[in-house]
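Student: There's a structure below that I have some questions on.
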């Protein structure tokens, strides 16, 4: 397999983990019809939206962003790239997973304060 496909190959585990977090959240928060869609700077929920929208919107958007980063690394010629595409995918994947974990942690805190 060619090394040029490495960014897409490295993207796959991050996308799978992000989608798995959506499956976990769907089971974990199934008792709620609405979940926080936004948190303020102090971590308080400021907006509630339908559970299925909140659970799947963020993983789909984050996965799409990561796949776009990986595709750019594959499709853009290396002489036009600024840096290594593999590094971009790994850093992007770690940051995106971190963002998803923060959102799930904030949602878990919110859920624990509900009846």
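The values are calculated or read from the model by the stated rules, or taken from the named source; none is laboratory data. Quick caveat: nothing in here was measured; it's all calculated off a predicted structure. A quick note on method: Cβ atoms are made from the backbone with ideal geometry, for glycine too, and the neighbour counts reach across all protein chains shown.
Student: Quick test of your reading of the structure: residue 43 fulfils all but one of (1) over 23 Å from residue 12 (Cα atoms); (2) touching a helix residue (DSSP H, G or I) at 6+ places or on another chain (Cβ under 6 Å); (3) buried (at least 17 other Cβ atoms within 10 Å of the Cβ). Name the failing condition by number.
Tutor: It is condition (3) that residue 43 fails.
Student: Another question about this same structure. In this structure, is residue 49 part of a strand (DSSP E or B) and either on the phi > 0 side of the Ramachandran plot or surrounded by fewer than 17 Cβ atoms within 10 Å (Cβ to Cβ) (or both)?
Tutor: On the way: part of a strand (DSSP E or B): yes; either on the phi > 0 side of the Ramachandran plot or surrounded by fewer than 17 Cβ atoms within 10 Å (Cβ to Cβ) (or both): yes.
So residue 49 passes the test.
Student: I've got another one for you. Here is a check on your reading of the model: is residue 65 surrounded by fewer than 17 Cβ atoms within 10 Å (Cβ to Cβ), in a helix (DSSP H, G or I) and either on the phi > 0 side of the Ramachandran plot or at pLDDT 95 or above (or both)? Even if it seems obvious, please write down each step before you answer.
Tutor: Details: surrounded by fewer than 17 Cβ atoms within 10 Å (Cβ to Cβ): yes; in a helix (DSSP H, G or I): yes; either on the phi > 0 side of the Ramachandran plot or at pLDDT 95 or above (or both): no.
When the stated conditions are applied, residue 65 does not pass them.
Student: Among 60, 96, 54, 9, which is the only one that is part of a helix (DSSP H, G or I), touching a strand residue (DSSP E or B) at 6+ places or on another chain (Cβ under 8 Å) and at pLDDT 90 or above? Let's see the steps before the verdict.
Tutor: Details: 60 fails: touching a strand residue (DSSP E or B) at 6+ places or on another chain (Cβ under 8 Å); 96 fails: touching a strand residue (DSSP E or B) at 6+ places or on another chain (Cβ under 8 Å); 9 fails: touching a strand residue (DSSP E or B) at 6+ places or on another chain (Cβ under 8 Å).
Unique residue meeting the criteria: 54.
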